[in-house]
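Below is one structure; the comments refer to it alone.
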Amino acid sequence: MKLQQLRYIWEVSQHGLNVSATAESLLTSQPGISKQMRLLEEELGVPIFARNGKHLTSATPAGEEILRVAGEILDRVSQIRGIADEYCDPEKGILSIATTHTQARYALPSIVETFIRRYPQVTLTIHQGTPNQISDLAAKGIADIAIATEALELYDNLVMLPCYRWNRCVLVRRDHPLAETKKLSLEQIAAFPIVTYVFGFTGRSRLDEAFDSAGLESRVVLTAVDADVIKTYVRSGLGIGIVAKMAYDQEADKDLVALDAAHLFGESLTHIGVRRDKFLRGYMYDFMELFASHLSQELINRAMNLKNKQDVARLFEDYEIPAK
């Protein structure tokens, strides 16, 4: 049994059982991967994948267990390499971050700029996606850390580190009837078409909960994952926009009016999610502290050594989580 064989079967399982796509991703040949998978199955005496002709259709029951352990082994190998790299060259490496558009566009730029100046030899990669996709990338070890407001709690192997609290605002054109409103009500918002985030993005669930609790039906006419897209359609007159307050730029968006909605939808909390068994390089700790200054290396390690989410939540009760 070879480590490369385990890598091949694991990568095939992560590429929808598509051997061609796996070969392209790994910069190797499809026949080479197929041959090594066959050799591994012959050695083990059980099929890892069910087949229909030359096509893989699913993992067998034995294969599912083998793949689970293979993933754990490959994670451990990655950690060993990370330990060696940390001692050989602590300021050189790769940092992979999974996050939403709102975080990447509005919360991260200044952090990334500072980080790159501090660590010019670290290659930084940002994966954007839905909160579920982001959390999955971190849970599988594809991304080093995930930054999101929702979905991180769905993965038991992720430690959730609270970063900052944030609120929403309602965006309207300057000629809109609500533009001069001093204090918005849900009834006023519900009277107009709404453009906002796709469900599952950037605290969208808080919006739906607020309208449901008030017995109101919101008229959501368009949803998007990108706050800039939402603003575009507000400008076109399609409806009023509900976005994270941080997404409003007083200079770039001076043609729009931002109306405070903190009293209507309540606060949301953005977290960093890290795998509990992740070996963190020194620059990874630094990035997290740049993003949330209260996340010291000592505090992160304490959180990662706790056994469940409730204990982690209690740990942070004594810390003032800043608002943004």
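The values are calculated or read from the model by the stated rules, or taken from the named source; none is laboratory data. Every value quoted in this text rests on a predicted model; they were computed, and no experiment measured them. All Cβ positions, glycine included, derive from the backbone under ideal geometry; neighbour counts span all protein chains shown. For the accessible areas, the whole protein counts, side chains as well, though only heavy atoms, and no ligand, DNA or RNA atoms are used. Shrake-Rupley method; radii C 1.70, N 1.55, O 1.52, S 1.80 Å.
Based on C-alpha pairs under 8 angstrom that are at least 6 apart in sequence, the range 1-51 has a relative contact order of 33 percent. Distance between the C-alpha centres of the range 98-169 and the range 256-308: 9 Å, rounded to the whole angstrom. Once the dipole of the range 228-322 is set up with Lys and Arg at +1 and Asp and Glu at -1 on Cβ about the Cα centre, which of TYR283, LEU264, ASN308 lies farthest towards its positive end? Going by the Cα projections, it comes out as ASN308.
Pop the C-beta distance of GLU251 and ARG165 into the FRET formula with R0 = 30 Å and round what comes out to the nearest 0.05. Step by step, r from the Cβ atoms, then E = 0.75. Stretched out straight at 0.36 nm per residue, the stretch from GLU267 to LEU3 would grow longer than its current Cα-Cα span by 90.4 nm. Excluding ligands, DNA and RNA, the accessible surface per residue across the range 165-263 is 48 Å² with a 1.4 Å probe. In plain terms, the bigger the Kirkwood radius, the slower the diffusion; for the range 78-205, with that radius from Cα pairs, at 20 °C and 1.002 mPa s, Stokes-Einstein puts D at 123 µm²/s.
In this rough spin-label picture, where each label sits 7 Å from Cα along the Cβ direction, the CYS88-ASP208 distance is 4.8 nm.
The overall shape of the range 63-112 is oblate: from the C-alpha gyration tensor, with semi-axes ordered a ≥ b ≥ c, the ratio a/c is 1.5 or greater and a/b is no larger than b/c.
Its convex hull of Cα atoms gives the range 14-103 a direction-averaged projected area, equal to a quarter of the hull surface, of 8.7 nm². Between GLU298 and LEU74, the simple label model (points 7 Å from Cα in the Cβ direction) yields a spacing of 3.8 nm.
Can you work out the base-10 log of I(q)/I(0) for the range 248-313 at q = 0.27, 0.28 1/Å, using the Debye formula on its C-alpha atoms alone? Calculated log10 I(q)/I(0) at the listed q: -1.25, -1.31. Take the Cβ atoms of GLU42 and ILE126, set R0 to 45 Å, and the FRET efficiency comes out at 0.60. In summary, the chain shows an alpha-carbon radius of gyration equal to 1.17 times the 2.2 N^0.38 Å reference for compact globular proteins.
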